[in-house]
Amino acid sequence: MALPLVGRKINLNILRRLQYEFTHSTRPLHGSSKRIVDLRSDTVTQPTAAMLRAATQAATGDDVMGEDPTVNALEAYAADLFGKERALFVPTGTMGNLCAIMSHCHYNKSAEIILGTKSHINLYEGGGYANLAGVSCKQIEEDENAMFSTEDVRDAFHV
């Protein structure tokens, strides 16, 4: 079984291997048997032996030229999962956040984004949104669940 991707076929075995490695490489919480995926940062996860083996044995190619079968399979899987024509793999959450900001603010280089005061973008991404995307931010307080109130968002929004 294969998925079409720009006139080529992707072997689903690659996707199955990625899914297996992901689901079998998470670590248990300290003092618990419950397994979690830690998404705090793209540098937190320490690779298991299985992850290292998968990385060193993966078929590779130039992803810019569309020749990396692992990246192609991951992008095809993500596009299908979200019902989109294409997907783009970026290696870090910071890159993903910047891509999202730039795709939403591309029409207006003086746009403003609304951020939580304790958000990762605000605290740890070095102002890339201002430097690279040319947008400014309005910070608002989050509640204990990292949620904004409707009123705070409305008050922060500029027309």
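Assess whether Ala78 counts as being in contact with an Asp or Glu (Cβ under 6 Å, 6 or more places away or on another chain) and modelled with pLDDT of 90 or more. When the stated conditions are applied, Ala78 does not pass them. Got at least one residue in the range 89-104 being farther than 30 Å from Thr60 by Cα, surrounded by fewer than 14 Cβ atoms within 10 Å (Cβ to Cβ), hydroxyl-bearing (Ser, Thr, Tyr) and without any contact (Cβ under 8 Å) to a residue 60 or more places away in the chain? No. No other residue among Ile10, Ile14 is open to solvent by less than 80 Å² (accessible area, probe 1.4 Å), at pLDDT below 85, part of a strand (DSSP E or B) and of a type outside the set (Ser, Thr, Tyr) apart from Ile10. Within the range 115-144, being open to solvent by less than 50 Å² (accessible area, probe 1.4 Å), outside any helix (DSSP H, G or I) and touching a residue at least 12 places away in the same chain (Cβ under 8 Å) holds for Leu115, Gly116, Thr117, Ser119, Glu125, Ala133, Gly134, Val135, Cys137, Ile140, Glu142. Taken together, the criteria exclude Asp152 from residues that are part of a loop (DSSP other than H, G, I, E, B) and either of a type in the set (D, E, K, R) or modelled with pLDDT of 90 or more (or both). Within the range 32-39, does at least one residue satisfy the condition of being at pLDDT 85 or above and hydrophobic (A, V, I, L, M, F, W, C)? No, the range 32-39 contains no residue that is at pLDDT 85 or above and hydrophobic (A, V, I, L, M, F, W, C). Being touching a Ser or Thr at 6+ places or on another chain (Cβ under 7 Å) and within 24 Å of Val44 (Cβ to Cβ) is a property that Ala130 lacks. Might you check whether a residue that is acidic (Asp, Glu), within 18 Å of the chain's Cα centre (by Cα) and open to solvent by 90 Å² or more (accessible area, probe 1.4 Å) occurs anywhere in the range 55-65? Within the range 55-65 (the criterion being acidic (Asp, Glu), within 18 Å of the chain's Cα centre (by Cα) and open to solvent by 90 Å² or more (accessible area, probe 1.4 Å)), the answer is no, since none of the residues qualifies. Please go through the range 50-77 and give me each residue that is among the aliphatic types (A, V, I, L, M) and either in contact (Cβ under 8 Å) with a residue 40 or more places away in the chain or farther than 14 Å from Val90 by Cα (or both), ordered by number. Passing the criteria: Ala50, Met51, Leu52, Ala54, Ala55, Ala58, Ala59, Met65, Ala73, Leu74, Ala76.
The values are calculated or read from the model by the stated rules, or taken from the named source; none is laboratory data. Everything numeric in this text was worked out from a predicted model, so none of it was measured. For neighbour counting, all protein chains shown are included, and Cβ atoms are generated from backbone atoms with ideal geometry for every residue, glycine included. Heads up: the accessible areas ignore ligands, DNA and RNA and are worked out on the full protein's heavy atoms, side chains in. Shrake-Rupley method; radii C 1.70, N 1.55, O 1.52, S 1.80 Å.
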